[in-house]
Structures are given as structure tokens and as C-alpha cells.
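Read-outs throughout are calculated quantities, based only on the coordinates presented, and are distinct from any laboratory measurement. Since this is a predicted model, take the numbers as computed values, not measurements.
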Amino acid sequence: MKHFRVHIALVFVALAVLLGVVSFETRSSRGQSQSPKADSHVKPTVLKTDPRDALAEKASSIFAAAGERNAALQNELVWTFGGKQQRGWYLYDALINQSLNPQNEASSGGFAAALASWQKKVGLNPSGVLDEESLNRMISEWQKNRLKDRNYAQSDQLVTAPAADFYDPERVAELRQVERETYAAYKRMLAAAIADRSLNLAHTPEGGLAPTEKYFKIVSAFRSREYQDQLRRQSPNAGSAGLAVNSPHFTGRALDFYVGGDPVDTKDSNRAIQVKTAVYQWLVRNAERFGFRPYFYEPWHWEYVK
Ligand SMILES: [Zn+2]
């Protein structure tokens with residue numbers, strides 16, 4: 001019986017390596033009793049492996065090497081987006097981890113193993129290395145999840161939000177319009193964020209953001225074509241990654257939130273500040289529950305897709 005169980009365990013280790021989903025954390029739990037019945041299902045998260053096992057060691061060293069490669073590529077991978085050369089993918093750590101789940105340091109074997117599993121799922125070579133091909137694939141998945149209906153908002157679909165909701169308290173009414181359902185979803189999400197004490201958002205007794213609070217306030221909502229044209233004239237070098245000609249802000253369903261730093265500056269140094277804020281990381285983990293999805297390149301830009 002003992003030999004049978006060892007044999008079964010080896011078969012599953014081999015399977016897990018093939019699938020690229022060896023879970024390293026589970027090694028610490030070896031020695032717990034495990035019935036042969038439990039062995040009859042491939043459940044990588046509860047897989048018991050023996051550290052002395054040659055296959056497990058091999059997988060472990062493959063993913064450790066992938067982890068080293070990822071630690072370098074995280075800051076150095078040269079790739080292109082929106083006609084501009086980009087360097088590294090560290091700005092997208094939170095989004096990448098959200099896509100991979102569980103959360104791991106990019107340099108870890110666990111990250112490489114989770115990435116290999118994702119790569120296998122989407123039909124890429126499960127190397128565990130986040131190279132240009134894998135990054136582009138991940139980006140295309142994020143982009144696919146964005147708002148599909150880009151129709152220009154009709155005036156009866158828009159509501160005018162109070163100035164207190166905005167980063168600029170002087171913002172004129174014409175620039176405070178939001179699509180009705182999007183605004184309701186924003187208020188629901190905001191209530192959840194305020195209720196999350198870890199974010200420590202200053203709020204009023206009525207449950208809105210305090211005048212002194214900047215995080216989560218709306219920087220920009222519905223934009224008319226005329227207003228978008230005006231913005232484009234002001235920053236002619238924004239490029240295609242900047243102010244889109246066909247902006248999702250035309251729908252009234254795209255909101256820019258204040259997530260730290262300079263509100264809407266795409267410089268890497270600014271985005272590096274934004275992606276580290278508790279509010280941005282909260283959005284990455286929670287916005288989907290409220291129907292909001294990110295535009296990966298702009299930490300402040302979220303679209304209501306429901
Ligand atoms: Zn935006």
C-alpha cells in the first residue's frame with residue numbers, strides 16, 4: 001500500500017510538472033495523512049510532494065530560474081505600446097498578480113509556477129517567464145475586458161454629479177456628467193472603500209468623501225467631443241496611448257479617479273507612485289465586483305462594463 005501511494009504521488013508530481021502548476025508552498029505540509037482516495041483527483045493546491053523527489057526538485061529549479069529571469073525582466077523588458085517604447089512591467093505588478101492569482105513576488109518560484117499555469121491555459125509555452133509575448137498576451141486579455149459599447153452618451157443617459165465628488169471642487173457642471181448607472185456603481189464602490197478602514201478615507205457622516213480627501217474623487221467623467229478635442233490640442237504629443245480620438249469618456253461610463261501622484265500623468269515615474277497606493281491596489285482587487293475594469297496603462301482610468 002505504501003509503495004502504491006508513493007507511485008501515485010510520483011504520477012501526480014509528473015502531471016503537475018507537465019501542467020506547470022507545482023505548488024511549492026504545499027511542501028511544508030507533507031507528512032499529513034492522506035488517503036489514496038484524495039490522491040485520485042488532481043488538486044495542485046493540496047498536492048503533497050516529497051522534496052527529495054527528483055521531479056519536484058527539477059520543477060522547483062526550473063521555476064527558480066524563471067523567477068530570476070522575471071526579476072530582471074520586471075524592470076528591463078523592452079516592449080512597445082501605443083507607439084512608444086516601454087521598459088519593464090513593474091508598473092503592472094498588481095494587475096498581473098490579479099490575473100494570475102495567487103499573489104506572489106515576481107521573482108519567486110511561486111509566481112513563475114502560476115504564470116506557467118496561465119501560459120498553458122492561454123496556449124503559450126509554459127516557461128514561467130514573463131517575456132514580451134506573454135506580456136502582450138496578458139495585455140490583450142485586459143484590453144478585451146474593457147468597455148465594448150463605445151456609443152456616444154445621449155443627454156438623457158447622463159446625470160450631473162455634485163462638485164463634492166470631484167477632485168477639482170470648482171469643476172463646472174458641464175464637466176461633471178456621468179452615465180446614470182455608472183454613477184450609481186461608483187457610489188456603491190465608494191461606500192465599500194470608505195467602509196474598508198484599511199484605506200483610512202476621510203469621509204462625512206453621510207458617507208461621502210470629506211472635502212479634504214483626494215483619493216477616489218473623480219478627476220474626469222463624461223467628455224464631449226468638443227472638450228476632448230480641446231484636451232488634445234493642449235497636449236498634441238500625448239500620442240495614441242494618451243488622449244484617444246475615440247475616447248471611452250464619450251460614453252459617460254469611463255471615470256478617472258484620483259489614485260495618487262499627478263492625477264493623469266502617464267510618465268513612468270508618476271505611474272510608479274500611483275500603482276503603489278493602497279487605493280489603486282484596492283481598486284485592482286475590488287473594482288470588478290462593482291462592474292469597473294481597468295485600462296492597464298492609466299492607473300486612474302476605470303470603465304463601467306456592466
Ligand atoms: Zn480616462
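Here are some notes:
- Radius of gyration and maximum dimension Dmax of the range 112-267, Cα, Å: 18.7, 53
- Evaluating 6.51 cos²θ - 1.76 cosθ + 1.60 at θ = phi - 60° for every residue in the range 107-113, the Karplus couplings come out as 7, 8, x, x, 5, 4, 5 Hz, glycine and proline recorded as x.
- Only lysine pairs 8 or more places apart or on separate chains count here, and in the range 179-306 those with Cα atoms under 20 Å apart total 6.
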